[in-house]
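Let me begin by presenting the structure, written as structure tokens, before commenting on it.
The values are calculated or read from the model by the stated rules, or taken from the named source; none is laboratory data. On a predicted model such as this, the values are computed, not experimentally measured, just so you know. Because the Cβ atoms are built from the backbone with ideal geometry, glycine has one as well, and the counts that use them run over all protein chains shown.
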Amino acid sequence: MTGSVCFACQRIPPLWQNALAAVPYAYPWNRCLAQLKFHQQPGWAEPLAQLVRSTEGWQALVRRAQVVVAAPSSPSRLRERGFNHALLLARCLAPGQLLNHSLRKIRETPLQHGLRLDQRLSNLKGALVVSPTQAVLVQGRRVLLIDDVMTSGGTAAACTAALLAAGAAAVDVAVVARSEPSDERFDTSSPLFN
């Protein structure tokens, strides 16, 4: 993959191999994503997926993927929203490669949205696993993880760690939007990196 590497990722390489973001997390995209995620408007999934599909590097990323998974939602968030927004995006982006519900949250965690950076990085540690029935499907394979937004990288890191622990050969990440990277987001003393 070609592209830029943020300063934080240069200092401390993440667990994933490549990450692709279609747009910056800014107006109007942040509002569109909020409509999908917080206002129960699943119709936004296809137009947002189109942004990702039109991004340079997407075709190479999805071609290399042997399976595609979506970042999970907790059971309480699924009840609240009625759907997993990342799964909707993944269904639009790579339906033939998608493993439905392969990642699971095994404990409730606060929403990442309202947390400080240090809290985001440790919030999901140990909260995600690959479903035992799906583990054999990720073993030895290159996995593409789909989510809506990457801010601190905490969700992507927790998902990647769970996939690698289940035997995935490598993980790439694709998101609709990326907040502006900050070199302070990766505190090497965080439990995420230990």
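Limited to the stretch 44-61, what total is found for residues that are within 18 Å of residue 81 (Cβ to Cβ) and outside any helix (DSSP H, G or I)?
0
Looking at 65, 127, can you tell me which residue is at pLDDT below 95, over 21 Å from residue 39 (Cβ atoms) and within 17 Å of the chain's Cα centre (by Cα)?
That would be 127, the only listed residue that is at pLDDT below 95, over 21 Å from residue 39 (Cβ atoms) and within 17 Å of the chain's Cα centre (by Cα).
Taking the stretch 174-194 only, how many residues are closer than 17 Å to residue 129 by Cα and at pLDDT 95 or above?
The qualifying residues number 0.
Restricted to the stretch 72-85, and to residues that are touching a Lys or Arg at 6+ places or on another chain (Cβ under 9 Å) and surrounded by 14 or more Cβ atoms within 10 Å (Cβ to Cβ), which residue is farthest from residue 42 (Cα to Cα)?
Only one residue fits best here, namely 74.
Taking the condition within 20 Å of residue 21 (Cβ to Cβ), at pLDDT 90 or above, among the basic types (Lys, Arg) and surrounded by 17 or more Cβ atoms within 10 Å (Cβ to Cβ), does residue 91 pass?
The answer is yes for residue 91.
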